[in-house]
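Have a look at the structure below, then the notes.
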Amino acid sequence: MKKIVILFSGSGTNLENIIKRLHGKELIVAKAITNNPEAGGIERARRYNIPVEIIDHRQFSEREEFDRELVASIKEVEPDLVVLAGFMRILTKVFTSAIPNAINIHPSLLPCFKGARALERSYASDMKVAGVTVHWVNEELDGGEIIDQSCFHRGDTMDFQEFERRIHSLEYELYPKVIRSLLTRGGPGTSGGESQ
Ligand code: GRF
């Protein structure tokens with residue numbers, strides 16, 4: 001079975017969703033790595049017996065040093081795909097040149113609302129559609145090539161809680177679908193088969 005590594009920093013609901021839907025069925029989550037010793041996702045991953053490694057970024061004086069440690073940890077398991085799920089670190093060339101097969105999910109229709117607080121900014125905007133994007137990771141924050149997106153028409157009366165709920169439910173559908181398709185059909189940087 002194909003192997004993935006998941007990187008996360010926070011509550012880990014996408015991490016758990018990927019584990020529940022795909023782990024042991026269509027792929028193996030070989031390891032989950034977090035930069036945040038307090039991340040809620042640690043407990044979620046352990047519940048499914050996924051090995052968790054904590055690499056606390058505060059113990060490194062430079063981004064490159066942290067990235068070198070991260071790359072070494074990822075390479076230990078030689079994953080077919082690296083999946084960022086709420087991983088809140090800007091990555092340097094040390095990471096992107098060593099790990100070309102990393103994808104990320106972002107809670108907006110990129111290229112709109114790159115960066116932090118995307119959900120809030122997207123909600124506050126006058127755009128009539130909102131959605132989520134899965135993209136390849138490169139050195140530009142949320143700037144890598146788009147792989148897939150999904151969206152909804154928001155109407156005029158949707159409150160923020162409902163907006164957030166809709167965004168997350170799109171994430172929980174789209175991310176496993178993209179992971180599955182990259183691992184079976186391949187894509188740039190994956191070892192999943194022929195490149196598209
Ligand atoms: C998601 O909204 C994802 O799009 C963004 O960070 C959030 C992570 O949430 N990159 P969770 O940790 O998966 O619950």
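List of remarks:
- Square roots of 5 times each gyration tensor eigenvalue, C-alpha, the chain, largest first, Å: 26, 19, 17
- Share of carbon and sulfur in the accessible area of the chain stands at 49%, probe radius 1.4 Å.
- The aspartates and glutamates within cross-link reach of LYS93, meaning a Cα-to-Cα straight distance under 18 Å and a gap of 8 or more places when in the same chain, are GLU62, GLU64, GLU65, ASP67, GLU69, GLU139, GLU140, ASP142, GLU145.
- Amide H contacts for GLU53 (H built 1.01 Å from N in the peptide plane; partners 5 or more residues away or on another chain; cut-off under 5 Å): ALA32, ILE33, THR34.
- Pairs beyond 32 Å (Cα-Cα), from LYS3/LYS128; LYS25/LYS128; LYS3/LYS114; LYS2/LYS128: LYS3/LYS128; LYS25/LYS128; LYS2/LYS128
- Distant alpha-carbon pairs in segment 1-44 (separation over 16 angstrom), percent: 31
- With at most 15 neighbouring Cβ atoms within 10 Å, loop GluC sites (Glu not before Pro) (DSSP) excluded, longest segment of the chain: 77-138
- With coordinates expressed along the principal axes, the C-alpha atoms belonging to segment 93-186 extend over 45, 27, 17 Å, beginning with the largest.
- Phi-derived couplings, Karplus 6.51 cos²θ - 1.76 cosθ + 1.60 at θ = phi - 60°, listed residue by residue for segment 179-185: 4, 4, 6, 5, 6, 8, 9 Hz, with x used for Gly and Pro.
- Averaged over its residues, segment 1-138 has an accessible area of 45 Å² per residue, based on protein heavy atoms and a 1.4 Å probe.
- Sites counted here are trypsin sites (Lys or Arg not before Pro) in a DSSP loop (not H, G, I, E or B) having no more than 14 other Cβ atoms within 10 Å; the longest part of the chain that contains none of them is 26-116.
- In order along segment 98-103, the Karplus-derived 3J(HN,Hα) couplings, from 6.51 cos²θ - 1.76 cosθ + 1.60 at θ = phi - 60°, round to 8, 10, x, 9, 10, 10 Hz, and Gly and Pro are given as x.
- With both residues required to sit in the chain, DSSP beta bridges show an antiparallel share near 40%.
- Hz values of 3J(HN,Hα) by residue in segment 115-125 - Karplus curve (6.51, -1.76, 1.60), Gly and Pro given as x: x, 5, 6, 4, 4, 5, 5, 5, 4, 6, 6
- Check: segment 20-166 dipole with +1 on Lys, Arg Cβ and -1 on Asp, Glu Cβ, in debye: 440
The values are calculated or read from the model by the stated rules, or taken from the named source; none is laboratory data. These figures come from a predicted structure and were not determined experimentally. Glycine gets a Cβ as well: all are built from the backbone with ideal geometry, and neighbour counts include every protein chain shown. Ligands, DNA and RNA are excluded from the accessible area calculation, which covers all protein heavy atoms including side chains. Shrake-Rupley method; radii C 1.70, N 1.55, O 1.52, S 1.80 Å.
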